[in-house]
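Undergrad: What follows is a structure written as structure tokens; I'll ask about it next.
The values are calculated or read from the model by the stated rules, or taken from the named source; none is laboratory data. On a predicted model such as this, the values are computed, not experimentally measured, just so you know. FYI the Cβ positions are ideal-geometry reconstructions off the backbone, even for glycines, and counts take in every protein chain you see.
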Amino acid sequence: MSEEIGNTFYTFRTKDRKFTVKQVSADIMSESSLRRFELGQTSPYLATVLPLLDKLRITPSEFFARQNNFNPTQVSAFYSSVAHAYNDRDVIKLDGMLSDLIKTHPDKPTDLPFGRLDKITIQAASGMLRGQPLPIADINFVMNYLRSQRNWFNYDLNMLRYFPVFLPAEDLIWLAQNIFAHALAYINVLNNADLVSDIVLSVTNALIISAKDYDEAQSLLSISHHTDALKGKLEFSVHRKALEAAIIFHQGDRHGAEEMHAGVLATLKEYEADWDIRQVEAMWPLLTKKD
């Protein structure tokens, strides 16, 4: 492993940046130490490797992507497969993924929550497509896990995309009040803004359609509107407008809501966003349904 890491750094230094050992090692380590690292003879602490990468203007994610031959990690490959199957409405593929996970994996630790969370995620994606509820025990397991985490990382946000529709009102409200508190620190650094925007839209949809909590929905959208990482994201802004129109509808301004909804569709048509148009049109009757 040390040899592979050192060789990856050597490739970046010599093939890409064309820097000398002296240029890169200056003020960080001795030239001989850098050579030993590149030969795999030593394993510097991460606190030393990061300044070396900074010297090359290479991010850690770029470094480890090449180290892994640009193959996706197991986690990213898993969520990519779930997302593709969900977007293609391929419940057969989701069933196959669930079957594979249920098989015994003796090499995986059983004292960690992630195996069960992976299974529940697939069941949630499948349940959304089939219109089937999740067991209460699974919902509680997911919510207890989320509440136990100080921050939500890429894994947690990917998982959370599939759950709002199944949650009771109290859990939806808790999510609405805690999304940015748990994820904000990592939105910019780890490029999680798209995931957070998807979750905001999903939670707001559920607050309007199932919880009928329009004040909480409006509050969540207002916070997202003032979140710098989400500003300038056209797709998110347009879908947020569609939800704001639904809230206005339930507040009694039907004419204003219809005008705003028409404006959303006009914007999407201008950008030829056919998939988004179908989504907004399909959701509007659900969002404006009276009790």
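Undergrad: Of all helices (runs of 4 or more DSSP H) completely enclosed by region 1-65, which ones contain at least 3 residues that are farther than 28 Å from Asn154 by Cβ?
TA: So the answer is 21-25, 31-38.
Undergrad: In this structure, is Ala246 surrounded by 14 or more Cβ atoms within 10 Å (Cβ to Cβ), in contact with a helix residue (DSSP H, G or I) (Cβ under 8 Å, 6 or more places away or on another chain), over 18 Å from Phe163 (Cβ atoms) and of a type in the set (Gly, Ala, Ser)?
TA: Criteria met by Ala246.
Undergrad: Okay, moving on. Could you say which residue among Leu101, Leu134, Leu94 is at pLDDT 95 or above, in contact with a helix residue (DSSP H, G or I) (Cβ under 6 Å, 6 or more places away or on another chain) and either surrounded by fewer than 17 Cβ atoms within 10 Å (Cβ to Cβ) or not in a helix (DSSP H, G or I) (or both)? Before the answer, list the steps.
TA: Details: Leu101 fails: at pLDDT 95 or above; Leu94 fails: either surrounded by fewer than 17 Cβ atoms within 10 Å (Cβ to Cβ) or not in a helix (DSSP H, G or I) (or both).
That would be Leu134, the only listed residue that is at pLDDT 95 or above, in contact with a helix residue (DSSP H, G or I) (Cβ under 6 Å, 6 or more places away or on another chain) and either surrounded by fewer than 17 Cβ atoms within 10 Å (Cβ to Cβ) or not in a helix (DSSP H, G or I) (or both).
Undergrad: Kindly evaluate Leu39 against the criterion of being crowded, with 17+ Cβ neighbours inside 10 Å and either among the aromatic types (Phe, Trp, Tyr) or touching a residue at least 24 places away in the same chain (Cβ under 8 Å) (or both).
TA: Answer is no for this residue.
Undergrad: Right, here's the next one. Which one is surrounded by the most Cβ atoms within 10 Å (Cβ to Cβ), of the residues in region 211-222 that are in a helix (DSSP H, G or I) and more than 23 Å from the chain's Cα centre (by Cα)?
TA: Ala211
Undergrad: Considering region 139-170 alone, what residues qualify as being under 11 Å from the mean Cα position of the chain (by Cα) and part of a loop (DSSP other than H, G, I, E, B)?
TA: Residues of region 139-170 that are under 11 Å from the mean Cα position of the chain (by Cα), as a first pass: 152-162.
Scanning region 139-170 gives Trp152, Phe153, Arg161, Tyr162.
Undergrad: Could you grab me the full set of residues in region 64-78 that are at pLDDT 90 or above and either surrounded by 15 or more Cβ atoms within 10 Å (Cβ to Cβ) or of a type in the set (Lys, Arg) (or both)?
TA: Once the filter is applied, which keeps residues that are at pLDDT 90 or above and either surrounded by 15 or more Cβ atoms within 10 Å (Cβ to Cβ) or of a type in the set (Lys, Arg) (or both), region 64-78 yields only Phe78.
Let's see how each residue does on (1) touching a residue at least 40 places away in the same chain (Cβ under 8 Å); (2) over 23 Å from Phe249 (Cβ atoms); (3) of a type in the set (Asp, Glu):
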| site | (1), (2), (3) |
| --- | --- |
| Ile136 | no, yes, no |
| Ile139 | no, yes, no |
| Asn144 | no, yes, no |
| Leu157 | yes, yes, no |
| Ile173 | yes, no, no |
| Phe180 | yes, yes, no |
| Asn205 | yes, no, no |
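Undergrad: Could I ask something else about it? Filter region 231-256 for residues that are over 13 Å from Met283 (Cβ atoms) and in contact with a Ser or Thr (Cβ under 7 Å, 6 or more places away or on another chain) and give the result.
TA: Lys233, Phe236
Undergrad: For Glu235, indicate whether it is surrounded by fewer than 18 Cβ atoms within 10 Å (Cβ to Cβ), part of a helix (DSSP H, G or I) and either under 21 Å from the mean Cα position of the chain (by Cα) or of a type outside the set (A, V, I, L, M) (or both).
TA: Taking the combined requirement at face value, the residue satisfies it.
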